[in-house]
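The values are calculated or read from the model by the stated rules, or taken from the named source; none is laboratory data. Keep in mind it's a predicted model, so treat the numbers as computed, not measured. Cβ placement follows ideal geometry from the backbone for every residue including glycine, while neighbour counts extend to all protein chains displayed. The protein model used for the area step is the full one, side chains on, heavy atoms only, and it has no ligands, DNA or RNA in it. Shrake-Rupley method; radii C 1.70, N 1.55, O 1.52, S 1.80 Å.
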Amino acid sequence: MTVHVPDRFKAANAFWIGLAKIGLTPAAVLTHARLPLTVYDGKKNFVTTAQFFALWRAVGELSADPAAGLKIATQIDVGNRPPSTMAAYYARDYRDALTRLARFKQLCAPEELKIKVTKDECVIEPVWLHAQEETPPLLTDAAFASFVELGRRGTGHFVTAKRVELKRSAEATGFHKAHFKGPITFGARRNALVLGRLDFQFLGRTELFEASKAGEGVSVVI
C-alpha cells in the first residue's frame, strides 16, 4: 500500500547546522536559492521538494568544496539528526537500522528509500516522490554518506560500499572513492549505494547503537 505524503516537510535542523561546518549560513544559502528568509525560522522550517532541492543546489554553488555534501552528513552530532535517523539508532543491527530509516523517512518527508536485497548485495536507491528534476548531487552525497555513517557508528565495523552509482558526470577529485572505499560509477542510470551482503548483515553491538543514539563518542574500527 502506497502512503501519500504531502509535498511539504521540515528541512531538518541537521541541514542548517551542517551549513556552519562548511562555512555557510542559512541566510546566505536562502538568498542564493531565491527563497524567503522566513523559510528558516529555527523551528518549523517547512519546505517543498523543489525548495529543498534549490537549497542544496545553492550549497553547491556557494561552496568551493566538492565534498561539502559528505561533510554535512558526517560532521553532525547524532543528537542533531532528524527523527528518521534517530529511530534507526534503536535498531538491533545494521539491516534493521536501514529498514527503520526507510520506514520513518517516508513518514517524515516525500522520500522513499528503495532497498533491494539479493544473494550478493543490497541496493539502496532514494526516490523523491514529488521531484520534477534530478536530485542535486550534494544531496545524494549527503544521503549516501549518512547511510554508511549509520553503519560505521552503529556497528563499530568500517562499512564500505561495494560500489556507488551516480547519474552525474565524472569528477576527477577522487573524494567519493576515498570516503566510500569502493568503486564509483559515473553516468549511471540511477543514484544508488550498493553494499556487500556481509556489510548489510553485519550485526550491530547494542552498546554501540545505544552510545551513538545518546551522542557519546563511538570508536570506529578501521
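Filter segment 35-71 down to residues that are assigned to a helix (DSSP H, G or I), of a type in the set (Val, Ile, Thr) and either open to solvent by less than 10 Å² (accessible area, probe 1.4 Å) or modelled with pLDDT under 85 (or both), then give me how many there are.
Narrowing segment 35-71 to residues assigned to a helix (DSSP H, G or I): 37-39, 49-62, 68-71.
Those left that are additionally of a type in the set (Val, Ile, Thr): 38-39, 49, 59.
Checking which are either open to solvent by less than 10 Å² (accessible area, probe 1.4 Å) or modelled with pLDDT under 85 (or both) leaves us with 49, 59.
Total satisfying the criteria: 2.
Based on this model, can you work out whether ASP141 counts as open to solvent by 20 Å² or more (accessible area, probe 1.4 Å) and touching a residue at least 12 places away in the same chain (Cβ under 8 Å)? Against the criterion (open to solvent by 20 Å² or more (accessible area, probe 1.4 Å) and touching a residue at least 12 places away in the same chain (Cβ under 8 Å)), ASP141 does not qualify.
In a residue-by-residue description of segment 75-84, the property of being modelled with pLDDT under 90 and aliphatic (A, V, I, L, M) applies to at least one position. Quick one: how many residues across segment 123-178 are touching a Gly at 6+ places or on another chain (Cβ under 9 Å) and under 23 Å from ALA109 (Cα atoms)? Result for segment 123-178: 13. The selection criterion, being more than 24 Å from PHE175 (Cα to Cα), outside any helix (DSSP H, G or I), at pLDDT 90 or above and small (Gly, Ala, Ser), does not hold for ALA91.
Considering segment 159-175, and only residues there that are open to solvent by less than 60 Å² (accessible area, probe 1.4 Å) and farther than 21 Å from LYS119 by Cα, the residue that is farthest from the chain's Cα centre (by Cα) turns out to be GLY174.
Within the span defined as segment 163-175, every residue fails to be touching a Ser or Thr at 6+ places or on another chain (Cβ under 7 Å), modelled with pLDDT under 95 and not in a strand (DSSP E or B). Taking the numbered list (1) open to solvent by less than 60 Å² (accessible area, probe 1.4 Å); (2) in a helix (DSSP H, G or I); (3) out of contact with any Ser or Thr (no Cβ under 6 Å at 6 or more places or on another chain); (4) at pLDDT below 95 in turn, CYS122 passes all entries but (2). Among the residues of segment 19-33, the one identified as within 13 Å of GLU61 (Cβ to Cβ), in contact (Cβ under 8 Å) with a residue 24 or more places away in the chain and of a type outside the set (A, V, I, L, M, F, W, C) is HIS32.
Which one of these is free of Cβ contacts under 8 Å to residues at least 12 places away in the same chain and either over 26 Å from PHE9 (Cβ atoms) or open to solvent by less than 40 Å² (accessible area, probe 1.4 Å) (or both): ALA178, ALA131?
Result: ALA178 is the single residue among ALA178, ALA131 that is free of Cβ contacts under 8 Å to residues at least 12 places away in the same chain and either over 26 Å from PHE9 (Cβ atoms) or open to solvent by less than 40 Å² (accessible area, probe 1.4 Å) (or both).
What about LEU24, is it open to solvent by less than 30 Å² (accessible area, probe 1.4 Å) and either within 20 Å of ALA131 (Cα to Cα) or assigned to a helix (DSSP H, G or I) (or both)? Spelling it out, it is not the case that LEU24 is open to solvent by less than 30 Å² (accessible area, probe 1.4 Å) and either within 20 Å of ALA131 (Cα to Cα) or assigned to a helix (DSSP H, G or I) (or both). Suppose we keep only residues that are modelled with pLDDT of 50 or more and on the phi > 0 side of the Ramachandran plot within segment 181-220. Which one would you say is surrounded by the fewest Cβ atoms within 10 Å (Cβ to Cβ)? Restricting to residues being modelled with pLDDT of 50 or more and on the phi > 0 side of the Ramachandran plot, the top hit is GLY187.
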